[in-house]
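Worksheet: one structure, shown below.
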Amino acid sequence: DLLTDRAVVTEAYTVIPRGVLRDIVTSNFPGWSGTRAWILAKPVQGFATTFAQYLVEIAPGGGSPHPEPETGVQSVLFLLAGRLNLTIAGTEHHLEPGGYAYLPAGTDWSLTNPGQQPASFSWIRKPYEPAEGITPPAPFVTREQDITPTPMPDTDGTWATTRFVDPDDLAHDMHVNIVTFQPGAVIPFAETHVMEHGLYVLQGKAVYRLNDDWVEVHEGDFLWLRAFCPQACYAGGPGPFRYLLYKDVNRQIRLT
């Protein structure tokens, strides 16, 4: 517990362990009922710059008729536990664990918990960046279970990514994928790239190399990695190590 329940905050990365996500740090949102949230990332100096990410828990019967207060903001929802009814432009979708929804900026949507148990989900929000000649994406709802993971090259399938959006589709300016490592799998080099990351651990445990540090992480932990933070990973087992990964993509760098 001394190693895994202590938050780490640096200029290059932040680790928020599940052990510090207690009742005392929850937030309530206007227009929501029976709902509490742990805000894991928001744009502040020295931290996230492109997105916000929450862990949200909705009690039975709770929810919101208008969850998104900003018309220019897109969302991804990923259901972790329980059941949710998601209504998009009058069409209702029933989400169970593994359910995934992409909601473009300006979408009319609502969310309720029809079950008898609390429902929890990851909510990622990002301002959409329009691009000339590119039609903004449409909303969609799918399930992790219906998508075949794509193995990473030269890994014999021990490192794979479940992609919910075609990487070559320039309509999307963010990707939220699931990354899976089998026991013993590694990121064999220190990735160093422009993409900012929000990383929520869904299953298992691993040791992450972040900048100059080795950090142990496990299910329920959250990591923020700034652009160009060197990163590598070793999944020690005994089971798979899986996480939900946000990254910003497909846009020119704005200088003005």
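Does any residue in the stretch 12-41 that is free of Cβ contacts under 8 Å to residues at least 60 places away in the same chain and within 28 Å of R209 (Cβ to Cβ) come within less than 8 Å, Cβ to Cβ, of a residue that is open to solvent by 20 Å² or more (accessible area, probe 1.4 Å) and small (G, A, S) six or more places away or on a different chain, and which pairs are these?
V20/A7; W38/S27; I39/S27
If N113 satisfies every condition in (1) surrounded by fewer than 20 Cβ atoms within 10 Å (Cβ to Cβ); (2) touching a residue at least 40 places away in the same chain (Cβ under 8 Å) but one, which is the exception?
It fails just one condition, (1).
Can you work out which of the residues in the stretch 166-185 that are closer than 16 Å to P238 by Cβ and among the hydrophobic types (A, V, I, L, M, F, W, C) is nearest to the chain's Cα centre (by Cα)?
Looking at residues that are closer than 16 Å to P238 by Cβ and among the hydrophobic types (A, V, I, L, M, F, W, C), I get F181.
Rundown of residues vs (1) outside any loop (DSSP other than H, G, I, E, B); (2) closer than 22 Å to P137 by Cβ; (3) in contact with a His (Cβ under 6 Å, 6 or more places away or on another chain); (4) open to solvent by less than 40 Å² (accessible area, probe 1.4 Å), yes/no style:
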site	(1), (2), (3), (4)
I24	yes, no, no, no
P30	no, no, no, no
G34	yes, no, no, no
A37	yes, no, no, yes
Q45	no, no, no, no
T50	no, yes, no, yes
P60	yes, no, no, no
F78	yes, yes, no, yes
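Restricting attention to the stretch 113-120, does a residue exist that is of a type outside the set (D, E) and more than 21 Å from G62 (Cα to Cα)?
No, the stretch 113-120 has no match at all.
Does R6 qualify as being outside any loop (DSSP other than H, G, I, E, B), open to solvent by 40 Å² or more (accessible area, probe 1.4 Å) and without any contact (Cβ under 8 Å) to a residue 24 or more places away in the chain?
no
Need the failing condition index for S64 against (1) open to solvent by less than 10 Å² (accessible area, probe 1.4 Å); (2) within 19 Å of the chain's Cα centre (by Cα), just the number.
Checking S64 against (1) open to solvent by less than 10 Å² (accessible area, probe 1.4 Å); (2) within 19 Å of the chain's Cα centre (by Cα), the one that fails is (2).
Of the residues A160, A131, A138, which single one is in a loop (DSSP other than H, G, I, E, B) and free of Cβ contacts under 8 Å to residues at least 40 places away in the same chain?
Result: A138 is the single residue among A160, A131, A138 that is in a loop (DSSP other than H, G, I, E, B) and free of Cβ contacts under 8 Å to residues at least 40 places away in the same chain.
The conditions are (1) on the phi < 0 side of the Ramachandran plot; (2) open to solvent by 10 Å² or more (accessible area, probe 1.4 Å); (3) part of a loop (DSSP other than H, G, I, E, B), and C229 fails exactly one of them. Which is it?
If we test C229 against (1) on the phi < 0 side of the Ramachandran plot; (2) open to solvent by 10 Å² or more (accessible area, probe 1.4 Å); (3) part of a loop (DSSP other than H, G, I, E, B), just (2) comes out false.
Does P137 fit the bill of being open to solvent by less than 60 Å² (accessible area, probe 1.4 Å) and touching a His at 6+ places or on another chain (Cβ under 6 Å)?
Yes; evaluated as a whole, the condition is true for this residue.
Which of (1) buried (at least 16 other Cβ atoms within 10 Å of the Cβ); (2) in contact with a Phe, Trp or Tyr (Cβ under 8 Å, 6 or more places away or on another chain); (3) outside any loop (DSSP other than H, G, I, E, B) is the odd one out, the single condition T87 does not satisfy?
T87 satisfies all of (1) buried (at least 16 other Cβ atoms within 10 Å of the Cβ); (2) in contact with a Phe, Trp or Tyr (Cβ under 8 Å, 6 or more places away or on another chain); (3) outside any loop (DSSP other than H, G, I, E, B) except (1).
Hey, can you tell me all the residues within the stretch 90-109 that are in a strand (DSSP E or B) and surrounded by fewer than 16 Cβ atoms within 10 Å (Cβ to Cβ)?
T91, E92, H94
How many residues are in contact with a strand residue (DSSP E or B) (Cβ under 8 Å, 6 or more places away or on another chain) and surrounded by fewer than 19 Cβ atoms within 10 Å (Cβ to Cβ) when one looks only at the stretch 185-196?
Within the stretch 185-196, residues that are in contact with a strand residue (DSSP E or B) (Cβ under 8 Å, 6 or more places away or on another chain) and surrounded by fewer than 19 Cβ atoms within 10 Å (Cβ to Cβ) number 7.
Just the residues that are surrounded by 14 or more Cβ atoms within 10 Å (Cβ to Cβ) and either farther than 20 Å from V73 by Cα or acidic (D, E) (or both), please, taken from the stretch 151-177.
Correct list: P151, M152, T155, T158, W159, A160, T161, T162, R163, D173.
The values are calculated or read from the model by the stated rules, or taken from the named source; none is laboratory data. These numbers come from a predicted model, not from an experiment. With ideal geometry, Cβ positions are generated from the backbone for all residues, glycine too; neighbour counts draw on all protein chains shown. For accessibility, only protein heavy atoms count, side chains too; no ligands or nucleic acids. Shrake-Rupley method; radii C 1.70, N 1.55, O 1.52, S 1.80 Å.
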